[in-house]
Amino acid sequence: MEFGVSVGHISAVDYAQHGERLGFARCWVTDSPLIRSNLFATMAAVALQTRTIQVGAGVAVCGMRLAPEAANGVATVNALAPGRTFAIFGTGNTAMRMLGLRPSNLKGLREYVRVLRALLHGEEVDFAHGGEAHRVRFAALDQGHVRLDPPPPVLVAANGPMGQALAGELADGVCTSLPRGGTMAEVMANVRRGAAKVGRNLPADFHTAALVNVLMLDAGEPLTSPRVIAEIGPAVMTNFHYLVDWVRETGSEPPAYVRPVWNDYIAFRRSRDAADAHVKMHATHYATLDPDEMRFITPEIVRALAIVGEPPELVERLRELEAQGLKQITFHPPFARRYEVMEKFARVVMAKL
């Protein structure tokens, strides 16, 4: 199994460099323009200052830019790090919510990935925009402004069965979140269903990746300890924020593990951030923990949204996931603790796998 680090700040390229030294195989660069550095500028900075680590957009948001522009960004980085570039594209939650908008729909993601992947393979493809459609392709490739050889792999990020099927239909891999995206058996069943729909045989190098919230416990440490809350809190609350939008828009009941605190949390949000909740709720995305939200983190929520255990338990769980078909995981430590968490994970977990 491969392991990845995540970079969102252009000033934190040294984090990717240190991850490379520790044996992390991939660097995901986040795409959330109102809270992170520019996606392709950061990818370029990482590509220029590393030698072996794979550099990719993870997760790039199809609503942020036109597909040909995104293809250009990926192909430009591929000119800096040929064979080390990849891209994961999804409908986008935080990036779109920060604009007060909903994520793109599955139809839009399908069309986006179709155009982008075709361009990255040097093909001519129909591209529609503003009510017009035209055949487009990369030109002047001999000038070396972009590089398509080898074609950067394109993955679809999806937690639902239809999105995972889309990955099997037209992408080079699937990226999901665990445990939110289902079991690996369910993910791969959905992928194969999508491939079968179009008569596609999945290639042997079809990639499977997951964003996983990982909590390494010390011996006998409770889930209520201040260290635990500080370390896993930002990731847990990021997933909690997703649920707030999902429940509001679908009218569904919140999952059982959040119900004991749900009404209090919604009341808290309404009383404090009613005017610009779409900005304030998502501003801490994976990086920090709002002190006023700490009281809503329960052991049940932590266990539901993270892989939890002392190092031997984590090693066993990751081996199980690898046996089920997962090839790579990335996780987002809180920004202030990112070096500490990365180094400990490499020492006590990766070294045992």
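Residue by residue, here is whether (1) of a type in the set (S, T, N, Q); (2) out of contact with any Phe, Trp or Tyr (no Cβ under 7 Å at 6 or more places or on another chain); (3) assigned by TED's automatic domain parsing to the domain that holds Glu111 holds:
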| residue | (1), (2), (3) |
| --- | --- |
| Thr30 | yes, yes, yes |
| Pro33 | no, yes, yes |
| Arg65 | no, yes, yes |
| Gly73 | no, no, yes |
| Phe89 | no, no, yes |
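Among the residues of the range 136-148, is any part of a loop (DSSP other than H, G, I, E, B), touching a Phe, Trp or Tyr at 6+ places or on another chain (Cβ under 9 Å), buried (at least 20 other Cβ atoms within 10 Å of the Cβ) and of a type in the set (A, V, I, L, M, F, W, C)? No, the range 136-148 contains no residue that is part of a loop (DSSP other than H, G, I, E, B), touching a Phe, Trp or Tyr at 6+ places or on another chain (Cβ under 9 Å), buried (at least 20 other Cβ atoms within 10 Å of the Cβ) and of a type in the set (A, V, I, L, M, F, W, C). Scanning the range 8-31 for residues that are buried (at least 23 other Cβ atoms within 10 Å of the Cβ) and over 16 Å from Thr52 (Cα atoms) returns Thr30, Asp31.
For (1) modelled with pLDDT of 95 or more; (2) outside any loop (DSSP other than H, G, I, E, B); (3) of a type in the set (D, E, K, R), each residue gets a yes or a no:
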{"site": "Gly163", "(1), (2), (3)": "yes, yes, no"}
{"site": "Glu169", "(1), (2), (3)": "yes, yes, yes"}
{"site": "Val174", "(1), (2), (3)": "yes, yes, no"}
{"site": "Gly182", "(1), (2), (3)": "no, no, no"}
{"site": "Val191", "(1), (2), (3)": "yes, yes, no"}
{"site": "Pro234", "(1), (2), (3)": "yes, yes, no"}
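Screening the range 224-249 for residues that are touching a helix residue (DSSP H, G or I) at 6+ places or on another chain (Cβ under 9 Å) and among the acidic types (Asp, Glu) and picking the one that is surrounded by the most Cβ atoms within 10 Å (Cβ to Cβ) gives Glu231.
One line per residue, one yes/no per condition, for (1) out of contact with any strand residue (DSSP E or B) (no Cβ under 8 Å at 6 or more places or on another chain); (2) outside the structural domain of Trp246 (by TED's automatic domain parsing); (3) acidic (Asp, Glu):
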| position | (1), (2), (3) |
| --- | --- |
| Leu120 | no, yes, no |
| Glu123 | yes, yes, yes |
| Asp142 | yes, yes, yes |
| His145 | yes, yes, no |
| Asp149 | yes, yes, yes |
| Pro152 | no, yes, no |
| Leu155 | no, yes, no |
| Met162 | yes, yes, no |
| Leu166 | no, yes, no |
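When the range 43-95 is filtered for residues that are small (Gly, Ala, Ser), more than 30 Å from Met281 (Cβ to Cβ) and outside any helix (DSSP H, G or I), the ones remaining, listed by number, are Ala81, Gly83. Tell me yes or no: at least one residue of the range 96-105 is without any contact (Cβ under 8 Å) to a residue 40 or more places away in the chain, assigned by TED's automatic domain parsing to the domain that holds Val146, assigned to a helix (DSSP H, G or I) and surrounded by 17 or more Cβ atoms within 10 Å (Cβ to Cβ). Scanning the range 96-105, I find at least one residue that is without any contact (Cβ under 8 Å) to a residue 40 or more places away in the chain, assigned by TED's automatic domain parsing to the domain that holds Val146, assigned to a helix (DSSP H, G or I) and surrounded by 17 or more Cβ atoms within 10 Å (Cβ to Cβ), so the answer is yes. Among the residues here, Asn38 qualifies as surrounded by fewer than 18 Cβ atoms within 10 Å (Cβ to Cβ), at pLDDT 95 or above and assigned by TED's automatic domain parsing to the domain that holds Gln143. Which one of these is within 18 Å of Ile35 (Cβ to Cβ) and out of contact with any Lys or Arg (no Cβ under 6 Å at 6 or more places or on another chain): Val279, Val258, Val302? Among Val279, Val258, Val302, only Val279 is within 18 Å of Ile35 (Cβ to Cβ) and out of contact with any Lys or Arg (no Cβ under 6 Å at 6 or more places or on another chain). Restricting attention to the range 180-205, which residues are crowded, with 19+ Cβ neighbours inside 10 Å and either closer than 20 Å to Glu320 by Cβ or outside the structural domain of Ala87 (by TED's automatic domain parsing) (or both)? Correct list: Gly181, Met184, Val187, Met188, Asn190, Val191. Residues that are in contact with a Leu (Cβ under 9 Å, 6 or more places away or on another chain) and among the small types (Gly, Ala, Ser) within the range 114-157 comprise Gly122, Ala157, listed in sequence order. Which residues, counting only those in the range 316-338, are surrounded by 15 or more Cβ atoms within 10 Å (Cβ to Cβ) and not charged (D, E, K, R)? Matches in the range 316-338: Leu318, Leu321, Leu326, Gln328, Ile329, Thr330, Phe331, His332, Pro333, Pro334, Phe335.
Reported count of residues in the range 101-151, each being of a type in the set (A, V, I, L, M, F, W, C), within 20 Å of the chain's Cα centre (by Cα) and farther than 15 Å from Glu69 by Cβ, is 3.
Just one residue in the set Arg303, Arg259, Arg272 is assigned to a helix (DSSP H, G or I) and modelled with pLDDT under 95; that residue is Arg272.
The values are calculated or read from the model by the stated rules, or taken from the named source; none is laboratory data. All figures in this text were calculated on a predicted structure; none of them were measured in a lab. All Cβ positions, even for glycine, are placed from backbone atoms using ideal geometry, and neighbour counts span all protein chains on display.
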